[in-house]
Amino acid sequence: MDSEIVVENLRKVYKVPVRNHGLISSLKSLIHPIYNNVVAVDGISFKIKKSEIIGFLGPNGAGKTTTLKMLAGLLYPTSGSVEVFGFKPYERKSEYLKKISMITGNKSQLNQSITVLDSLYLTKEIYGIEDKVYKKRLDELVELLNISELLLRLPRNLSLGERAKCEFAVALLYKPEIIYLDEPTLGMDISVQIKLREFIKTYNKENNITVILTSHYMGDITSLCSRVILIDKGKLMYDGGLMELSNKLLPFKLIKITFHDKPAGFKKVKSLLKCETTLINEIEQSIALRIKKEDVSRATVELLNNFSLADLTIEDPSIEAVFDQVYREGVSV
Amino acid sequence: MNFRGGIALIKKSLFSYMASKGFFWTLTLGWMLLPLIYMLVWIVASENSSISGFNQSDFISYYTIMIFVNQITYPISHWTVGDSIFNGTFATWLLRPLPPIYEPIAADIAMKIACLPFIVIFISVIVLLFGFSIRLTVINLIFFILCLILAQLLRFIFAYTISLMALVTNKINSLLSVNDLLVFLFAGQVIPTVLLPGFVKIIAVFLPFRYMLGFPIELVTGKLGMAMIVQGIILQVLWLSVVIITNKIVWKKCIKRYASVGQ
């Protein structure tokens, strides 16, 4: 399958004014302003195929949103090339803009002074949707997002979750082929997050649209993205499956054991297992251990044979732990 | 050209103004009061004798027409475009399949429609209080309509071009204030341009500001001969061409440096 999005050596440098503290520096900056070059995106390359759901990950200031904005056509790249459906996004040709949509969690795209229905009508007219098609799509989206009661209200009178659903209705009305989501569930409660994720998943499946999202909520990433692109300090650190990333970065599992009677101490457990074992915590009857993946099966047998256990569980490390490690230590994968 | 989109944007702006009509009508009242104040000052000043050919009746006609022309040509969008760039709304305009200039054009047209009843009432009251008389010929009326359209285009694109500077600097409001001040001085607001003294008049004749406001009023009130009308229209078209070319250059340069802040 051909790639819809092709990015090669993409780079974006911002020119940022700087000045020292104090009145003299302020006066100097009036005559001779000083600028620093901040490299937001530093030569990244990747390809994305149709109907993929891709997660852009990275700590704050990594360059995710800047990359997304260059893909959408909001920003000009400093160098490198970006092509989406063969278009250069920054040229913002009508044909291209009709194929994409962008939703940002920190900035509502709805006009706050007109009703949701008026916003939908405005989108219909701008995108030249015929009346019959509009009615059909509106009915579909209203049902799918359950927003019939919100249509006649002003966005400023809606809750965050209600407004997000209306944003999706407006953004999808003209059936874009790619949707860019920049932290779409920002600030929402868990119930709304789950509903929106379900909606994105269903919509992607039924309409074969490509979804590219940035998010700091691991729930968004784990439930939606089969592939992640990890960016840090503007550089591409990883491009691949989420589980592979987890396996590469944290080759451990967590074993939690609960003793029936008097608990054996960590020292005794460690001496029995004879492998690299790290204590995570020890609470009353329970001990949580971190053990290398290749030692897990042998350690489990030893534990079951030598202790009277009420419970034993084996868990993968949380995805948050994986990214915490990447963000803190900047591990190159 | 996306007419459907443009008309929908005008409707959207109208709905938006209706939701805060009090604010917009107060704003309009502010714009209309200034010419009224100038008119009262000049009525008093010309009480005993005419000033360079302008008598009381001329000043009343000049400033009554100015209230109308100022409303038609005043570009509210030059303030709102800068705000939209700072607060991130501009990014929404960029993502639509129509040029971003549609939004300020629609906002301006909608504003003029929303304020029209108010202007009609306001001018009617002034006419009732002070009277109004001009000797209007068909030729003058045709030239007036032409110059009014050119003035509107010139004033709008000039201000829009300045507001686009917000793509690269956050010092835009001071620039817009300077623009308003120059219009105040040289466009015939505080004093009709033909009454300006010596070299100031020469400067005013060659700067673009007179052609944004004062020139159509001088024309329709019969204060200009045919040679001056033709010269004025040539300068108006010339300035409009310069401003359009500058707008294209500014857009091309500034959009490349746009950082999409606030989005």
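The values are calculated or read from the model by the stated rules, or taken from the named source; none is laboratory data. If you're wondering where the values come from, they're calculated on a predicted model, not measured in any experiment. Please note: Cβ atoms are built from the backbone with ideal geometry, for glycine as well, and neighbour counts cover all protein chains shown. Remember, those area values only see protein heavy atoms, side chains included, never the ligands or the DNA or RNA. Shrake-Rupley method; radii C 1.70, N 1.55, O 1.52, S 1.80 Å.
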Taking all protein chains in place and a 1.4 Å probe, what share, in percent, of the accessible surface of region B:3-255 do carbon and sulfur account for? 76 percent
Give the accessible area for A:Asp139 in Å² (nearest 10); use a 1.4 Å probe, count only protein heavy atoms, and leave out ligands, DNA and RNA. 80 Å²
FRET efficiency, 1/(1 + (r/R0)^6) with R0 56 Å, evaluated for B:Phe132 and A:Ser29 via beta carbons: 0.55
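Over 25 Å between Cα atoms: which of A:Lys49/A:Lys88; A:Lys235/B:Lys248; A:Lys50/A:Lys175 fall into that group?
Correct reply: A:Lys235/B:Lys248.
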Would you please calculate the Kirkwood hydrodynamic radius of the protein assembly as shown over all C-alpha pairs and express it in Å, rounded to one decimal? 28.7 Å
1.4 Å probe, heavy atoms, protein only - residues of region B:220-263 losing at least 30 Å² accessible area vs chain alone: B:Ile255, B:Lys256, B:Tyr258, B:Ala259, B:Ser260, B:Gln263
For region A:250-314, the percent of accessible surface on carbon and sulfur atoms (probe 1.4 angstrom, ligands and nucleic acids excluded) is 52 percent
To the nearest whole number, what is the average tally of beta carbon atoms from other chains within 10 Å of the beta carbons of peptide A:116-123? 2
Round to the nearest 10 and report in Å² the accessible area of B:Leu95, as given by a 1.4 Å probe over the protein chains' heavy atoms. 20 Å²
If each of A:Lys135 and A:Asn207 carries a label point 7 Å out from its Cα toward its Cβ, how far apart are those two points in nm? 2.1 nm
19 Å Cα-Cα reach of B:Lys12 towards lysines, excluding residues that sit fewer than 8 places from it in its own chain: A:Lys124, B:Lys21, B:Lys112
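For B:Ile157, A:Ile190, what's the largest-to-smallest order of accessible area, 1.4 Å probe? Could you put the intermediate results ahead of the total?
On the way: B:Ile157 25, A:Ile190 110 Å².
Greatest to least solvent exposure: A:Ile190, B:Ile157.
Suppose R0 equals 30 Å. What FRET efficiency, 1/(1 + (r/R0)^6) with r the Cβ-Cβ distance, do B:Ile202 and B:Ile37 give to the nearest 0.05?
Calculated value: 0.65.
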Nearest 5 is fine: what % of DSSP beta bridges in chain A come out antiparallel, could you say? 70 percent
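For chain B, return all DSSP H helices satisfying: extent of Cα atoms along own axis at least 18 Å; mean Kyte-Doolittle hydropathy at least -0.5.
Details: long enough: B:3-19 (24 Å, 0.69); B:21-45 (36 Å, 1.59); B:56-73 (25 Å, 0.56); B:102-130 (39 Å, 2.04); B:138-164 (39 Å, 2.25); B:172-186 (21 Å, 1.69); B:226-257 (46 Å, 1.18).
What comes out of the filter, once short or polar helices are dropped, is B:3-19, B:21-45, B:56-73, B:102-130, B:138-164, B:172-186, B:226-257.
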Solvent-accessible ranking of A:Leu273, B:Leu207, largest area first, probe 1.4 Å: B:Leu207, A:Leu273
Report, in deg cm²/dmol and to the nearest 500, the calculated mean residue ellipticity at 222 nm for the protein assembly as shown, where each DSSP H run with n ≥ 4 adds -39500 (n - 2.57) and the sum is divided by the residue count. -17500 deg cm²/dmol
Leaving ligands, DNA and RNA out of it, work out the accessible area of A:Asp118 with a 1.4 Å probe and give it in Å² to the nearest 10. 50 Å²
Among A:Leu154, A:Leu272, A:Leu213: highest mean-square fluctuation, GNM of chain A, C-alpha pairs under 10 Å: A:Leu272
Go through region A:55-89 and flag every residue whose accessible area shrinks by 50 Å² or more with all protein chains in place compared to the isolated chain (probe 1.4 Å). A:Lys69, A:Leu74, A:Tyr76
What is the distance in Å between the Cα centres of region A:8-22 and region A:177-251? 28 Å
List the longest stretch of chain A that has no exposed loop site; here a site is one of the GluC sites (Glu not before Pro) assigned by DSSP to anything other than H, G, I, E or B, with at most 11 other Cβ within 10 Å. A:131-275
With the convex hull built on the alpha-carbon atoms of chain B, volume per residue in Å³ sits at 138 Å³
How high is the relative contact order of region A:186-291, in percent, counting Cα pairs under 8 Å that sit 6 or more residues apart? 17 percent
What percent does the relative contact order of chain A come to when contacts are Cα pairs within less than 8 Å and at least six residues apart? 18 percent
Can you pull out the buried accessible area for chains A and B, both sides counted, probe 1.4 Å, rounded to the nearest 100 Å²? 2600 Å²
Straight-line reach only, C-alpha to C-alpha below 17 angstrom: list the lysines that A:Lys195 could link to, leaving out same-chain residues fewer than 8 apart. A:Lys165, A:Lys205
Rounded if a/c under 1.5, otherwise prolate or oblate - region A:149-221, Cα gyration tensor axes: oblate
Determine the sum of side-chain charges near A:Ile287: Lys and Arg each +1, Asp and Glu each -1, restricted to other residues whose C-beta is under 12 angstrom from that of A:Ile287. +2
For each pair in A:Lys136/B:Lys252; A:Lys12/A:Lys99; A:Lys47/A:Lys98, compute the distance between the two Cα atoms and list the pairs where it is over 31 Å. A:Lys136/B:Lys252
Semi-axis lengths (Å, descending) of the ellipsoid that matches the C-alpha gyration tensor of chain A: 44, 29, 20
Starting from the Cα-Cα distance between B:Ser124 and B:Lys248, subtract it from 0.36 nm times their residue separation and give me the gain in nm to one decimal. 40.6 nm
Lys pairs, region A:250-314 - Cα-Cα below 18 angstrom, 8 or more residues apart or on other chains: 16
Longest DSSP-loop-exposure-free segment, trypsin sites (Lys or Arg not before Pro), chain B, at most 12 other Cβ within 10 Å: B:1-134
Region A:113-126 - phi-based ³J(HN,Hα) in whole Hz, Karplus 6.51/-1.76/1.60, Gly and Pro as x: 9, 10, 5, 4, 5, 5, 5, 5, 5, 4, 4, 4, 6, 5
Counting only DSSP loop positions in region B:175-263, the chymotrypsin sites (Phe, Trp or Tyr not before Pro) whose Cβ has at most 12 other Cβ atoms within 10 Å are none
Residues of region A:52-187: accessible area per residue at 1.4 Å, in Å²? 39 Å²
Can you tell me, using C-alpha contacts under 8 Å and at least 6 residues apart, the relative contact order of chain B as a whole percent? 26 percent
Against the longest principal axis of chain A, how steep is helix A:131-145, in degrees 0 to 90 to the nearest 10, with axes from Cα atoms? 20 degrees
